[in-house]
Amino acid sequence: MLDAVRAEALKLRRHRATWMMVWIYPIAITLIVAGMLVYGAFRAHGVPAPAQPALEWIRESTTLWKLPASPPGRFLIAGFCAVVFAGEYGWNTWKLIIPARARWQLIAAKWVVALGFLTIALIAADLITLIGSWLGSFQGDGIPAGVTLAAVLEAHWQAGAHALLPIVYTIAFAGLFAILTQSILATVILSIALVVIEGLWPLIGLFLHQYVPALTETLVRVLPFYHLANLKTWASGAGLTMPLGPDAVVSMSWGMSFAVLMGWILAAAAATQLRFLRQDLN
């Protein structure tokens, strides 16, 4: 298994898709931070702005972790996974690597590498952001009093943990779409459609509830769309209340939404493995 992961990482670490959709995070953040530092070095310094509260400064410093859970960030993740999983069909390379590994290991290695590369890139980008904030503090407004390293690390750890589930969810379904369609383009289109449906789900629920109220409420509670949004809002301290009608409101706990979403992730992973095991790739 470790050999399969190493081979996959070696193959993808310098791939153009990895540069454009994964390593782009630390590269772009480095350019932005460098530009801000250069601008701060040459701009005229006026009256210092009022000191920012420590908790607000710490919260704003974790903004990067909202990107992978946002629609644009998930489009990038899905695009990368489309190349990772469906690219083998386009390159016609499955038949070259399957004899050397068990099929389940090949899919598992792709999951591990996709998640690992994204995690490394986001952590690197986050560290660059923090270093840039620290260097910028010497050019103008300093870091607010009350900001401690322990508080910063705790906030960033929590923000990263909250971003992990949407990333895993996107990887799981993009991988499934890739194995089912065997096409990079189809995988990207289906992944984008999935994200769009999630955004429109409250409106879809309101519309359907007028005609099939019982079925609509069941779908909202069973399908993953509400639960992903609910976990995102719970990360801010309160759950998502989704009104379906005058007397119908869906509001679920963090634990229930986590369990449902994990069930969908495991189901997508199992379906991916089962389908791949039965594919004729000669």
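The values are calculated or read from the model by the stated rules, or taken from the named source; none is laboratory data. Treat the numbers as computed from the prediction; the structure is a model and nothing was measured. Here the Cβ positions follow ideal geometry from the backbone for every residue, glycine too, while neighbour counts run over all protein chains shown. To get the accessible areas, we keep the full protein, side chains included, count just its heavy atoms, and leave off ligands, DNA and RNA. Shrake-Rupley method; radii C 1.70, N 1.55, O 1.52, S 1.80 Å.
Annotations
- When Lys110, Lys232, Lys95 are compared by accessible surface with a 1.4 Å probe, the order from highest to lowest is Lys95, Lys232, Lys110.
- Cα centroid separation, segment 241-276 to segment 141-214 (Å): 12 Å
- Reach of Lys232 by Cα under 20 Å, taken over lysines that are not fewer than 8 positions away in the same chain: Lys66
- Mean accessible surface per residue for the chain, computed with a 1.4 Å probe while every protein chain stays in place, in Å²: 54 Å²
- Of all accessible heavy-atom area on the chain, the percent that carbon and sulfur account for (1.4 Å): 71 percent
- Most mobile listed residue (Gln210, Gln105, Gln158) in the chain, GNM with C-alpha springs under 10 Å: Gln210
- Cross-link partners of Lys11 among lysines (Cα-Cα below 27 Å; sequence separation of 8 or more within a chain): Lys95, Lys110
- Rounded FRET efficiency, nearest 0.05, which uses the C-beta distance separating Ala267 from Trp157 and R0 of 25 Å: 0.30
- Helical contribution to [θ] at 222 nm, DSSP H n ≥ 4, -39,500 (n - 2.57), averaged over the chain, rounded to 500: -24000 deg cm²/dmol
- Backbone N within segment 254-278 under 14 Å of label point (7 Å from Val112 Cα along the Cβ vector): none
- Computed over segment 1-123: relative contact order in percent, which uses C-alpha pairs under 8 Å that are six or more apart: 56 percent
- His162, His156, His15, reordered so the largest accessible area comes first (probe 1.4 Å): His162, His15, His156
- Taken about its Cα centre, the chain carries a charge dipole of about 900 debye when Lys and Arg each add +1 at the Cβ and Asp and Glu each add -1 at the Cβ.
- Per DSSP, loop chymotrypsin sites (Phe, Trp or Tyr not before Pro) in segment 87-121 with at most 12 further Cβ within 10 Å: none
- In segment 194-255, the chymotrypsin sites (Phe, Trp or Tyr not before Pro) that fall in loop regions by DSSP, at most 10 other Cβ within 10 Å: Tyr211
- Distance between the 7 Å Cα→Cβ label points at Leu127 and Trp254: 2.7 nm.
- A value for Rg and Dmax of the Cα atoms in Å was derived from the coordinates, and within the list (i) 18.1, 56; (ii) 17.7, 50; (iii) 21.8, 70 it appears as (iii).
- Relative contact order of the chain, defined on C-alpha pairs under 8 angstrom at six or more residues apart (%): 25 percent
- Sites Trp104 and Ser70, calculated FRET efficiency, Cβ-Cβ separation with R0 30 Å, nearest 0.05: 0.40
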